[in-house]
1. So what J values fall out for region 39-53 if you push phi through Karplus, 6.51 cos²θ - 1.76 cosθ + 1.60 with θ = phi - 60°, rounded to Hz, Gly and Pro as x?
2. Report, by chain and number, residues whose modeled amide H sits under 5 Å from the one on residue 50, excluding near sequence neighbours (fewer than 5 apart, same chain).
3. Based on the Cβ-Cβ distance of residue 70 and residue 17, what FRET efficiency does E = 1/(1 + (r/R0)^6) give at R0 = 35 Å, to the nearest 0.05?
4. Out of these labelled values of Rg/Rh (Cα atoms, Kirkwood Rh), (1) 1.24; (2) 0.96; (3) 1.40, which was calculated from the coordinates shown here?
5. With each run of n ≥ 4 DSSP H residues scored as -39500 (n - 2.57), what mean residue ellipticity at 222 nm is computed for the chain after dividing by its residue count and rounding to the nearest 500 deg cm²/dmol?
6. If you fit an axis through the alpha-carbon atoms of helix 3-21 and take the longest principal axis of the Cα set of the chain, what angle between them do you get, 0 to 90°, nearest 10?
7. Taking the highest mean first, how do the peptides 11-18, 30-37, 63-70 order by number of other beta carbon atoms within 10 angstrom per residue?
Amino acid sequence: MKPATIVGILLIVLGIIGFAVGGISFTHQKKDVDVGPVQLSHKETNTIPISPILSTISLIAGVGLVVVGVRNK
């Protein structure tokens, strides 16, 4: 396989994952109060959205690279 085809396949997979997942979520614990042996904390969840526009561009670029890689064979 040519490098363009491999990169194209990776971009297609990333585009599909971007559409399916919609974003990356992560959770971290924050301390609110820390007084001696008493500790109060809570978990906070943040989400980094993945734009559908980026997923579409990745998908189209991947298909283009796969087509170019196959034609040059």
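Each value in this text was obtained by applying a stated rule to the coordinates, not by laboratory testing. Model, not experiment: these values are computed from the prediction. Note: ideal-geometry Cβ built from the backbone for every residue, glycine included; neighbour counts use all protein chains shown.
1. 10, 10, 8, 9, 9, 10, 10, 10, 10, 9, x, 9, 5, x, 5
2. 23, 24
3. Numbers: r = 23 Å, r/R0 = 0.65.
For residue 70 and residue 17, the calculated efficiency is 0.95.
4. So the calculated entry is the one marked (3).
5. Numbers: 2 runs with 39 residues, N = 73.
So the calculated ellipticity at 222 nm is -18500 deg cm²/dmol.
6. The helix 3-21 is inclined about 40 degrees to the chain.
7. So the peptides 11-18, 30-37, 63-70, ranked by packing, come out 11-18, 63-70, 30-37.
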